[in-house]
Amino acid sequence: MDISQLQTFIRVSTYGSFTKAGEESFISGTAVMKQINRLESELNLKLFVRTATGTKLTPEGQKFLPYVQQILSLLDTAIDETRKVGLLGQNIITVGTSILHPADPFMEIWKKITAQMSDFQIRIVQLQEDLHSSNREYAMLGKQCDLIVGTFDNTTLKQSFRALPLGQYNFGIAVRSDNPLAKLSKITFKDLINQTLISVPLGISEKNDQLRKIIARDFPQINISETNGRYDMNTFNQAVEENIALITLTPWKRIHPNLVSIPLDTKVTVPYGILTTKFPGSNVERFLVEFSKIYKSLK
């Protein structure tokens with residue numbers, strides 16, 4: 001028996017599904033099932049009843065659940081308390097940052113309120129992209145960092161994340177500096193007719209999907225070139241090398257020196273904020289509560 005099995009047990013009991021628990025853990029439903037089977041075998045107990053519509057706890061599983069929650073809570077407390085050793089009583093919150101998920105919006109706010117949150121210290125962590133995960137930096141939450149600044153929608157929050165909203169990012173169109181579109185102060189969909197436009201596939205971002213629906217309905221002459229998943233630096237390099245347009249967002253204006261980002265004439269925006277795991281730990285939870293109260297008072 002190991003910690004990951006117990007964490008998986010909690011997730012399956014919470015979501016009532018191997019598949020949903022797998023999405024939470026960034027692994028397949030089959031891998032979740034194997035973990036539960038192994039746990040049941042080691043305990044010699046039947047913890048779940050499998051049905052066509054999902055799973056539910058057996059009486060043994062219901063009895064086992066609160067003890068597992070206590071064990072994981074105690075472990076979380078132990079980790080939090082151990083991390084405090086040698087830090088002079090400061091509570092360290094690690095903030096992940098990367099080219100695609102810059103921490104700047106959070107840090108601008110933090111500069112204004114740091115004196116009011118003197119119990120906490122911020123540590124910036126440079127994230128390495130996990131190209132094997134469909135969520136890349138999002139997959140680093142709870143592993144390499146406590147929080148990141150990123151976009152979110154219902155698709156994101158249905159997985160394993162919570163969001164504290166900070167604002168809205170605007171869509172833009174990025175093109176090479178010598179592209180005729182680069183001379184425009186604002187780009188409309190009509191300007192993109194007969195152009196090739198790089199976009200993430202449908203189903204990744206609800207807001208991006210809204211743009212795609214407008215294009216499909218009103219501007220079918222725009223040719224869409226879909227990426228394999230979420231953007232990475234290769235996406236921006238492709239736009240430069242092939243001299244084609246790219247759907248972009250506010251924080252990516254200066255991501256590539258050969259690209260110019262022009263605002264897209266659309267009312268569709270993308271919410272962004274502080275993202276954490278759904279169960280970030282007591283220290284991070286307290287930080288978010290205090291941060292939220294002070295941030296609201298600034299508005």
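The values are calculated or read from the model by the stated rules, or taken from the named source; none is laboratory data. This is a predicted model, so every value here is computed, not measured. Reconstructed Cβ throughout: ideal geometry from the backbone, glycine too, with neighbour counts over all protein chains shown. When the accessible area is computed, the model is the full protein with side chains, heavy atoms only, and any ligands, DNA or RNA have been set aside. Shrake-Rupley method; radii C 1.70, N 1.55, O 1.52, S 1.80 Å.
Give me the lysines in straight-line cross-link reach of Lys34: C-alpha distance below 21 Å, same-chain residues under 8 apart excluded.
Within reach: Lys20, Lys46, Lys56.
Given only helices, namely DSSP H runs of n ≥ 4 each adding -39500 (n - 2.57), what is the per-residue ellipticity at 222 nm of the chain, to the nearest 500 deg cm²/dmol? Walk me through the numbers before you get to the answer.
Values: 9 runs with 116 residues, N = 299.
Value at 222 nm, helices only: -12500 deg cm²/dmol.
Once you charge only the Cβ atoms, +1 for Lys and Arg and -1 for Asp and Glu, what is the size of the charge dipole of the chain about its Cα centre, to the nearest 20 debye? Write out the running numbers ahead of the final one.
Working: 34 positive and 29 negative charges, 137 e Å.
Dipole about the Cα centre, nearest 20: 660 debye.
With every protein chain left in place, what is the accessible area per residue of the range 168-270 in square angstrom, probe 1.4 Å?
Values: 5350 Å² over 103 residues.
Value for the range 168-270: 52 Å² per residue.
Taking 7 Å along the Cα-to-C-beta vector as the label spot, tell me the Thr51-Arg217 distance in nanometres, rounded to one decimal.
Spacing of the two 7 Å Cα→Cβ label points: 3.9 nm.
Please work out which option in (1) -0.45, -0.56, -0.80; (2) -0.61, -0.68, -0.82; (3) -0.38, -0.48, -0.71 gives log10 I(q)/I(0) by the Debye sum over Cα atoms at q = 0.08, 0.09, 0.11 Å⁻¹ calculated from these coordinates, and answer with its label.
Checked against the structure: label (1).
What are the residues whose amide H is under 5 Å from the amide H of Leu259, where those residues sit 5 or more places off or on another chain and H is modelled from the backbone?
none
Starting from 0.36 nm per residue, how many nanometres of slack lie between Thr14 and Lys296 once their C-alpha separation is accounted for?
Working: separation 282, 0.36 × 282 = 101.52 nm, distance 3.12 nm.
Length difference between fully extended and current span is 98.4 nm.
Pop out the ³J(HN,Hα) list for the range 144-149 in order, Karplus 6.51 cos²θ - 1.76 cosθ + 1.60 with θ = phi - 60°, rounded to Hz; leave Gly and Pro as x.
Values, residue by residue: 9, 8, 7, 8, 9, 9 Hz.
Charges on Cβ only, +1 for Lys and Arg, -1 for Asp and Glu, centred on the Cα centroid of the chain; of Pro102, Tyr272, Thr235, which one is farthest towards the dipole's positive end?
About the Cα centre, the residue reaching furthest to the positive side is Tyr272.
Going by amide H atoms built from the backbone, whose H comes under 5 Å of the H on Leu246, apart from near neighbours?
Result for Leu246 returns Ala174, Ile198.
How big is the accessible area of Thr30 in square angstrom, nearest 10, if you roll a 1.4 angstrom probe over the protein chains?
Thr30 has an accessible surface of roughly 80 Å² with all protein chains in place.
State the percentage of accessible surface on the range 3-72 attributable to carbon and sulfur atoms; use a 1.4 Å probe and exclude ligands, DNA and RNA. Can you show the working numbers first?
Details: 2110 of 3900 Å².
With neighbouring chains kept in place, the figure for the range 3-72 is 54 percent.
Identify, among Leu72, Gly167, Leu39, the residue whose Cα sits farthest towards the positive end of the charge dipole of the chain, taking +1 on the Cβ of Lys and Arg and -1 on the Cβ of Asp and Glu, with the dipole about the Cα centre.
Ranked along the dipole, the leading option is Gly167.
Highest mean first, how do 278-289, 143-154 rank when packing is the count of other Cβ atoms within 10 Å averaged over residues?
On the way: 278-289: 16.6, 143-154: 19.9.
Ranking, from highest mean packing down: 143-154, 278-289.
Setting aside same-chain residues fewer than 8 positions from Lys253, which lysines have a Cα under 29 Å from its Cα?
By straight Cα distance, Lys253 reaches Lys111, Lys112, Lys143, Lys158, Lys183, Lys186, Lys190, Lys207, Lys213, Lys267, Lys296, Lys299.
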